[in-house]
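Participant: Okay, handing you the structure first.
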Amino acid sequence: MNSQVPVCLAQVTEETAHWQNILLEQHADGICQLTINRPKVLNALNAEILAELDQALNLVAKANDVRVLLITGAGEKAFVAGADIAHMKQLTALEGKYFAEQGMAVFRKLENLPVPVIALVNGYALGGGCELAMSCDFILAAENARFGQPEVNLGVTPGFGGSQRLTRLVGRGMAMELLTTGRMMNADEALQRGLANHVYPQADLLDEGVKLAGQIATKSRTAVQLTKQLVQRGQDLDLDNACVMESDVFGLSFSTPDREEGMAAFLEGRKPEFS
Ligand code: DAK
């Protein structure tokens, strides 16, 4: 398939048919669901899953029928219980470095995906699982969600960005506590500390995720994507430069058909019909 041509994700089958560990499905109205599907080992991540995840993100990035991506784990027990310990046990130091680089690159791709990504954390999100959730734009948690970075129990450091993203999300002191004790946070604590946006009964998590994604999917696709870029790029800039960037992007948004339609619809007292 030509990588330059936008694809309709709903019609892509040949590229996804050989995947063993990832399910990619379309809900209505531009909502795509990606499920890490290895429930026997609580969806633990190995190099093969990371490679499939990378391919899935490439497809989503160029799909013209995806407006929001949901990521969750198969089964009722885990989102992702971390990197696969059996896989990591066999790695040499150099292979460990490559494994970490592979995970880092995939999670960075996820973070920079043009469309918003919502993690639906339906159980354990430990180590690489917590790092995966933190690479999404925001997190919705089930009541049984458990978040943690237990790498210190295994004699290693976080390898997929956990020490950096957790610190940015919950602050230095709490991140240090969690990283150095390896203790798990339950869903309510994650909510209280700003790691999760909302907590739902597990049976409602997917429906709530689809509902929230549905609200985003009705908005201007261009405005949503530009907003994600502003938030992603702006967080590492000083405020002066971040505000300059926002002015530039605000100006850019005035050149779009969605801006014409959105403002006309408001003045005509009707709902906008965005492209
Ligand atoms: N890897 C492999 N298998 C796992 C797994 C994991 N992370 N987590 C669970 N499993 C498997 C269990 O071995 C068990 O398999 P069977 O015995 O049935 O064959 C099955 O899933 C069910 O798990 P349990 O029987 O243990 O279930 P419990 O309810 O009793 O306990 C648990 C659930 C999540 C508390 C427990 O499974 C657990 O503690 N799991 C490990 C959590 C963990 O430590 N995760 C890894 C975090 S470290 C790096 C790159 C990356 C990383 C680090 C460095 N570089 C290369 C520098 C990332 C590291 C991590 O993610």
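The values are calculated or read from the model by the stated rules, or taken from the named source; none is laboratory data. On a predicted model such as this, the values are computed, not experimentally measured, just so you know. Heads up, the Cβs are rebuilt from the backbone with ideal geometry, glycines too, and the neighbour counts pull from every protein chain shown.
Participant: With the stretch 61-163 as the region, which helices (runs of 4 or more DSSP H) entirely inside it contain at least 3 residues that are modelled with pLDDT of 95 or more and under 12 Å from the mean Cα position of the chain (by Cα)?
Facilitator: 93-111, 128-135
Participant: Being loosely packed, with under 15 Cβ neighbours inside 10 Å, outside any loop (DSSP other than H, G, I, E, B) and among the charged types (D, E, K, R), is that true of even one residue in the stretch 169-178?
Facilitator: Yes: one or more hits.
Participant: Another question, then. So which residues in the stretch 202-227 are touching a helix residue (DSSP H, G or I) at 6+ places or on another chain (Cβ under 8 Å) and not charged (D, E, K, R), if there are any at all?
Facilitator: Ile216, Ser220, Thr222, Ala223, Val224, Leu226
Participant: While we're on this one: Here are some residues: Glu48, Glu95, Glu52, Glu76. Which one is without any contact (Cβ under 8 Å) to a residue 12 or more places away in the chain and surrounded by fewer than 24 Cβ atoms within 10 Å (Cβ to Cβ)?
Facilitator: Residue meeting the stated conditions: Glu95.
Participant: From the list Ser247, Ser275, Ser255, which residue is part of a helix (DSSP H, G or I) and among the hydroxyl-bearing types (Ser, Thr, Tyr)?
Facilitator: Ser247
Participant: Working only within the stretch 179-198, note down all residues that are buried (at least 20 other Cβ atoms within 10 Å of the Cβ) and more than 24 Å from Asp236 (Cβ to Cβ).
Facilitator: Within the stretch 179-198, Met185, Ala187 qualify.
Participant: Return the residues of the stretch 234-244 that are part of a helix (DSSP H, G or I) and of a type in the set (D, E, K, R); say none if nothing qualifies.
Facilitator: Once the filter is applied, which keeps residues that are part of a helix (DSSP H, G or I) and of a type in the set (D, E, K, R), the stretch 234-244 yields only Asp240.
Participant: Now, a different point. Can you tell me how many residues within the stretch 138-179 are touching a residue at least 40 places away in the same chain (Cβ under 8 Å) and more than 8 Å from the ligand (Cβ to nearest atom)?
Facilitator: Residues flagged as touching a residue at least 40 places away in the same chain (Cβ under 8 Å) and more than 8 Å from the ligand (Cβ to nearest atom) within the stretch 138-179 amount to 11.
Participant: Another question, then. Using the structure shown, decide if Phe79 is aromatic (Phe, Trp, Tyr) and more than 8 Å from the ligand (Cβ to nearest atom).
Facilitator: yes
Participant: Let me ask you something else. Answer yes or no: is there a residue in the stretch 40-51 that is out of contact with any Asp or Glu (no Cβ under 7 Å at 6 or more places or on another chain), farther than 26 Å from Ala203 by Cβ, within 16 Å of the ligand (Cβ to nearest atom) and of a type in the set (Asp, Glu).
Facilitator: For the stretch 40-51, residues out of contact with any Asp or Glu (no Cβ under 7 Å at 6 or more places or on another chain), farther than 26 Å from Ala203 by Cβ, within 16 Å of the ligand (Cβ to nearest atom) and of a type in the set (Asp, Glu): present.
Participant: Right, next: Of the residues Val210, Val224, Val231, which is loosely packed, with under 15 Cβ neighbours inside 10 Å, modelled with pLDDT of 95 or more, within 16 Å of the chain's Cα centre (by Cα) and assigned to a helix (DSSP H, G or I)?
Facilitator: Answer to the selection: Val231.
Participant: If you don't mind, another one. In the stretch 137-168, what count of residues is obtained for those that are surrounded by fewer than 16 Cβ atoms within 10 Å (Cβ to Cβ) and at positive phi?
Facilitator: Number satisfying all stated conditions: 1.
Participant: Now a separate question. Contact list please: Cβ distance under 8 Å, first residue in the stretch 98-111 and within 11 Å of Leu53 (Cα to Cα), second residue assigned to a helix (DSSP H, G or I) and near the ligand (Cβ under 9 Å from one of its atoms), pairs at least six apart or on different chains.
Facilitator: Listed by first residue and then by second, the contacts come to Gly103/Gly128; Gly103/Glu131; Phe107/Glu131.
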